[in-house]
Amino acid sequence: MKIKEQFFVVKNLTTGQFVCNVGSEKHKAAFTRLLTSAKCFQTFECAGDAIDTIRVFFTNKEAEAAKEHDHSEYWVADAQRNYEKFAKNLVICKLTRTHSISKGVEQ
């Protein structure tokens with residue numbers, strides 16, 4: 001018997017990296033090049049929420065950088081570069097896994 005499992009991952013088209021975890025307010029979103037390490041989302045909406053979280057994180061970092069007094073132009077440029085690299089071109093990829101289940105033989 002075969003069972004198909006559908007799930008979603010978030011990929012950055014620019015870097016080819018996948019989202020490893022969404023992170024929290026204290027931790028920035030992490031990315032990995034390996035699909036096996038990617039965070040799997042059960043629904044398209046959950047993956048979309050992850051993208052929103054990542055974009056908000058980088059947008060907030062950019063806003064924080066703009067408030068810095070020392071070398072604010074450098075910090076803003078750095079934050080914008082990170083946004084371009086990690087958050088601008090995120091897409092949701094739908095994947096399917098097939099599991100084979102066989103009945104055990106009793107003796």
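If only one of 42, 17, 6 is modelled with pLDDT of 80 or more and surrounded by 13 or more Cβ atoms within 10 Å (Cβ to Cβ), which one is it?
Values: 42 fails: surrounded by 13 or more Cβ atoms within 10 Å (Cβ to Cβ); 6 fails: surrounded by 13 or more Cβ atoms within 10 Å (Cβ to Cβ).
After applying the criteria, what remains is 17.
Among the residues of region 49-107, how many are at pLDDT 85 or above, assigned to a strand (DSSP E or B) and not aliphatic (A, V, I, L, M)?
Qualifying residue count, region 49-107: 4.
The values are calculated or read from the model by the stated rules, or taken from the named source; none is laboratory data. This is a predicted model, so every value here is computed, not measured. We place every Cβ from the backbone using ideal geometry, glycine too, and count neighbours over all the protein chains shown.
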